[in-house]
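Everything on this sheet refers to the single structure shown next.
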Amino acid sequence: MKQFSHINKNNHPKMVNVGDKKITKRKAIAKATMFLGAEIIAHFENKELTTKKGPVFQTAIIAGIQAVKKTSELIPMCHPLLINGVDIDIEIIDNKHIEILCTVAIEGKTGVEMEALTGASIAALTVYDMCKSISQKMVIKEVKLVEKSGGKSDIKNG
């Protein structure tokens, strides 16, 4: 049976030692899908909505980028990383839903899946926060890892 990498022989939590790993190019893409509803989507003009708090998508993108950079402060076993790049794209996919894609790139000894997932999640939460005065029927439906490359294995979840 495979053991968890973050549990030591005494069954206590530990941070994995990545010191002997090779530096490789790594990338992860995470996606958040959100139900906003027709009421909120109807307020968008030119793929953006400006509320009293400011431009929704632009603010969510900045929040997502900040979240990527702070992932190791939020998730205890994540290593602090020197991120090479973050790209967050938010699209209206129909008259009720949006999709947030967060792509994170690094040259390092450990992957950036958690950083991409955190960025997509915080971007979605920011959209929720900025639109809740219009409707509180929003739902963050799914946050998932879409793709990971570099390191031991590559993953594509579509």
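The values are calculated or read from the model by the stated rules, or taken from the named source; none is laboratory data. Note that the structure is predicted; figures quoted are calculated from it, not measured. As a convention, Cβ positions derive from the backbone with ideal geometry for all residues, glycine included, and neighbour counts pool all protein chains shown. Protein only, heavy atoms only, side chains kept; ligands, DNA and RNA dropped before computing areas. Shrake-Rupley method; radii C 1.70, N 1.55, O 1.52, S 1.80 Å.
Kindly list, by first and then second residue, each pair from a residue in the range 126-154 that is within 16 Å of residue 24 (Cβ to Cβ) to a residue that is surrounded by fewer than 19 Cβ atoms within 10 Å (Cβ to Cβ) and at pLDDT 95 or above, limited to pairs with Cβ atoms under 7 Å and residues at least 6 apart or on different chains. Taking only residues 6 or more apart or on different chains, the pairs are 150/25. Summed over the range 75-86, the residues that are closer than 17 Å to residue 32 by Cβ and surrounded by fewer than 16 Cβ atoms within 10 Å (Cβ to Cβ) give a count of 1. Checked against the criterion of being open to solvent by 50 Å² or more (accessible area, probe 1.4 Å), among the polar types (S, T, N, Q) and in a strand (DSSP E or B), the range 39-53 contains one or more residues that satisfy it. Listed conditions (1) in contact with a Lys or Arg (Cβ under 9 Å, 6 or more places away or on another chain); (2) open to solvent by 60 Å² or more (accessible area, probe 1.4 Å); (3) polar (S, T, N, Q) are all met by residue 149, apart from (2). Residues in the range 63-74 that are within 25 Å of residue 7 (Cβ to Cβ) and either open to solvent by less than 30 Å² (accessible area, probe 1.4 Å) or modelled with pLDDT under 95 (or both): 71 alone. Residue under question is residue 27, and the condition is that it be over 22 Å from the mean Cα position of the chain (by Cα) and over 17 Å from residue 98 (Cα atoms); does it hold? No.
Can you confirm whether residue 58 is within 16 Å of residue 130 (Cα to Cα), part of a helix (DSSP H, G or I) and not small (Gly, Ala, Ser)? Against the criterion (within 16 Å of residue 130 (Cα to Cα), part of a helix (DSSP H, G or I) and not small (Gly, Ala, Ser)), residue 58 qualifies. Cβ-Cβ contacts under 9 Å between residues 6 or more apart (or on different chains), taken from a first residue in the range 1-24 that is more than 21 Å from residue 150 (Cβ to Cβ) and of a type outside the set (Ser, Thr, Tyr) to a second residue that is open to solvent by less than 100 Å² (accessible area, probe 1.4 Å) and at pLDDT 85 or above, are listed as 13/77; 14/77. Of the residues making up the range 90-111, those that are open to solvent by less than 70 Å² (accessible area, probe 1.4 Å), closer than 25 Å to residue 128 by Cα and touching an Asp or Glu at 6+ places or on another chain (Cβ under 9 Å) number 10. Report yes if some residue within the range 7-16 is outside any loop (DSSP other than H, G, I, E, B) and at pLDDT 95 or above; otherwise report no. Within the range 7-16, none of the residues are outside any loop (DSSP other than H, G, I, E, B) and at pLDDT 95 or above. Is it the case, given these coordinates, that residue 81 is outside any strand (DSSP E or B), touching a strand residue (DSSP E or B) at 6+ places or on another chain (Cβ under 7 Å) and not aromatic (Phe, Trp, Tyr)? Yes, satisfied. The residues on offer are 138, 114, and the sole one that is buried (at least 18 other Cβ atoms within 10 Å of the Cβ), touching a Cys at 6+ places or on another chain (Cβ under 9 Å) and under 15 Å from residue 43 (Cα atoms) is 138.
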